[in-house]
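Asker: For reference, the structure I am asking about is given below.
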Amino acid sequence: MNKGKYQEQRLIFFSAFLLLFMLPPLWGQTTPAHKCGFAAHSISVNRVTSVLTRDVPDLDESYISPDGYFKIHYTKSGTNAVTGDEIMGTPIFVMEAAIAADSAYSVLVGDLGFLPPLPDDNFDGPELDIYIKEWAGSFYGMTYFGNSAPSATYLVIDNDYAESAYATSGLAALRVTVAHEF
């Protein structure tokens, strides 16, 4: 199969995946979660430039994505814990977040030609930071950015997508959220 045809099929698959999981019915939900924290813009502005202003809990573990573009920050204890099955000490949920982020990067930057995210002056390494915390059904995720364009960013996503407020749950919600927030 030629490269152009492969990229076209990959784009079609990725688009279909996003549509299937971003537009699910809302039956059985109490108060639906905000799909994106962008509407809460005042919360997300000015949180990027300093360690003191990053709106993230204390997360004691990290995992670098397979392609090396992302650092996933997480914990396995407390309110923000990522639980579930593990491979070599890393929760599968964290590995899936890393794979979803690399896939989104590949499609958006590699295939579609968007610019890669700006570096954050090597804040905790050269990778784009993704933090996993308990959103308790309030947001699927949020991208934090500075108050001027262009600006470095970081992402914060839920630790399990298990609450009834999420129309899409589990790994499906994780994959769509990571692709959307990136």
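The values are calculated or read from the model by the stated rules, or taken from the named source; none is laboratory data. Since the model is a prediction, treat every value here as computed from it, not as a measurement. Don't worry about glycine lacking a Cβ; one is built from the backbone with ideal geometry, like all the others, and counts go over all protein chains shown.
Asker: So is residue 168 modelled with pLDDT under 95 and over 26 Å from residue 125 (Cβ atoms) or not?
Answerer: Criteria met by residue 168.
Asker: If you don't mind, there's one more thing I want to ask. Looking at this structure, is residue 177 within 19 Å of residue 65 (Cβ to Cβ), surrounded by fewer than 20 Cβ atoms within 10 Å (Cβ to Cβ) and of a type outside the set (A, V, I, L, M, F, W, C)?
Answerer: No; evaluated as a whole, the condition is false for this residue.
Asker: Can you find a residue that is assigned to a strand (DSSP E or B), touching a residue at least 24 places away in the same chain (Cβ under 8 Å) and surrounded by 19 or more Cβ atoms within 10 Å (Cβ to Cβ) anywhere in segment 93-107?
Answerer: No, there is no match, as no residue in segment 93-107 is assigned to a strand (DSSP E or B), touching a residue at least 24 places away in the same chain (Cβ under 8 Å) and surrounded by 19 or more Cβ atoms within 10 Å (Cβ to Cβ).
Asker: Can you pull out the residues in segment 145-168 that are of a type in the set (S, T, N, Q) and in contact (Cβ under 8 Å) with a residue 12 or more places away in the chain?
Answerer: Result: 147, 151, 153, 159, 164, 168.
Asker: Take the conditions outside any helix (DSSP H, G or I) and modelled with pLDDT of 95 or more and apply them to residue 132. Does it pass?
Answerer: yes
Asker: Hey, could you check segment 79-92 for residues that are in a loop (DSSP other than H, G, I, E, B) and out of contact with any Ser or Thr (no Cβ under 8 Å at 6 or more places or on another chain) and say which is surrounded by the most Cβ atoms within 10 Å (Cβ to Cβ)?
Answerer: Looking at the filtered set, the residue picked out is 80.
Asker: Please give the number of the condition residue 142 fails out of (1) over 17 Å from residue 61 (Cβ atoms); (2) without any contact (Cβ under 8 Å) to a residue 12 or more places away in the chain; (3) touching a helix residue (DSSP H, G or I) at 6+ places or on another chain (Cβ under 6 Å).
Answerer: (2)
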